[in-house]
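Reviewing the structure listed below.
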Amino acid sequence: MATSDLKDIEGIVLREFKYKEASKIIELFTKDLGRISINCQSVLKKNSKNLGLTNRFILAHYDLYKSKKDFYGLREGVIVEAFPKSSKNFDIILYKSAIADLLLRTIDAIQIETVYKLLLNSFMAFEEADTNFINIFLAFYLKYTSFSGFKPNFKTCGICGKDIRGHGLYFSPRESSLICETCKNKAKDSVYLTLEEYKYFNKLLYTESKELKNIKLVENYEKIGKIIIDYTLKNLDLGYFPSVKWVLKTLERNINVL
């Protein structure tokens with residue numbers, strides 16, 4: 001028996017899966033409530049008006065009821081944005097999957113509004129971009145990890161504190177910081193960066209989502225991609241889940257990332 005109704009809940013579908021014979025469960029990241037699970041009863045039946053509301057990665061407004069703690073049911077809703085262009089691009093689907101899977105493993109209730117805005121802006125950026133999709137994905141991982149308390153330090157050595165902007169550049173994912181030449185052996189995961197790679201890395205963090213498509217890829221952008229993924233997983237204490245492994249394989253092959 002329903003105990004309360006929730007009207008006009010805005011959210012993005014992170015995951016969907018079949019439940020029983022004709023129903024689905026969706027994991028929704030909402031603007032106001034954070035991550036919630038919704039039982040979408042009978043949506044797989046013929047002529048169901050709500051099936052479209054359960055598709056992964058759509059943005060919609062939902063009318064829900066709550067019958068148990070942390071569990072909701074679907075009454076009805078309206079699709080706001082189906083992202084039709086990017087939903088047909090395999091590379092973007094891959095990047096969105098790795099973003100959604102990251103959120104499903106780590107959502108911090110304190111950062112709901114900030115993370116929701118980042119997610120929505122990133123999905124809109126994917127839809128509007130014609131190239132450089134990898135920038136949008138990498139920037140999401142960088143910014144999300146920063147919001148979680150591990151903002152990269154691009155100014156000083158994370159070990160000795162020396163100002164090293166522009167020269168002698170190494171980056172340690174574990175330290176979330178640049179490391180100087182002298183201290184590089186103290187951070188065993190430190191990776192050398194050229195000045196161009198450093199600038200690219202820095203731009204990904206500080207550029208608005210809608211402008212990321214305009215950032216030119218550096219020659220070794222796949223190296224930066226691996227550094228950012230490593231930085232995210234290490235600091236959020238995660239292992240390599242399937243979708244992010246696929247992104248890494250794509251970077252290693254250096255194909256289908258433009």
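The values are calculated or read from the model by the stated rules, or taken from the named source; none is laboratory data. Keep in mind that what you see is a predicted model, and the values were worked out from it rather than measured. Neighbour counts run over all protein chains shown; Cβ positions are idealised from the backbone, glycine included. Note: areas computed on protein heavy atoms with side chains; ligands, DNA, RNA excluded. Shrake-Rupley method; radii C 1.70, N 1.55, O 1.52, S 1.80 Å.
Summary of values
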item: Lys66 outside any loop (DSSP other than H, G, I, E, B), more than 13 Å from Gly11 (Cα to Cα) and in contact with a strand residue (DSSP E or B) (Cβ under 9 Å, 6 or more places away or on another chain); result: yes
item: Selection count, the stretch 121-136, where residues are surrounded by fewer than 19 Cβ atoms within 10 Å (Cβ to Cβ) and outside any loop (DSSP other than H, G, I, E, B); result: 4
item: Residue in the stretch 39-47 that is in a strand (DSSP E or B), open to solvent by 10 Å² or more (accessible area, probe 1.4 Å) and touching an Asp or Glu at 6+ places or on another chain (Cβ under 8 Å) present; result: no
item: Within the stretch 165-257, helices (runs of 4 or more DSSP H) holding 2 or more residues that are touching a Ser or Thr at 6+ places or on another chain (Cβ under 7 Å); result: 221-235
item: Test: residue in the stretch 68-81 that is in contact with a Gly (Cβ under 9 Å, 6 or more places away or on another chain), touching a residue at least 12 places away in the same chain (Cβ under 8 Å) and of a type in the set (A, V, I, L, M); result: yes
item: Test: Phe83 is open to solvent by less than 10 Å² (accessible area, probe 1.4 Å) and in a loop (DSSP other than H, G, I, E, B); result: yes
item: Hey, Lys203 closer than 14 Å to Tyr221 by Cβ, within 22 Å of the chain's Cα centre (by Cα) and open to solvent by 70 Å² or more (accessible area, probe 1.4 Å) or not; result: yes
item: Index of the failed condition, Ile215 passing every other in (1) open to solvent by less than 80 Å² (accessible area, probe 1.4 Å); (2) within 23 Å of Phe123 (Cβ to Cβ); (3) out of contact with any helix residue (DSSP H, G or I) (no Cβ under 6 Å at 6 or more places or on another chain); result: (3)
item: Residue, modelled with the highest pLDDT, within the stretch 244-258, restricted to residues that are over 18 Å from Val115 (Cβ atoms) and open to solvent by less than 20 Å² (accessible area, probe 1.4 Å); result: Val247
item: Filter pass, Glu208 being in contact (Cβ under 8 Å) with a residue 60 or more places away in the chain and either loosely packed, with under 14 Cβ neighbours inside 10 Å or not hydrophobic (A, V, I, L, M, F, W, C) (or both); result: yes
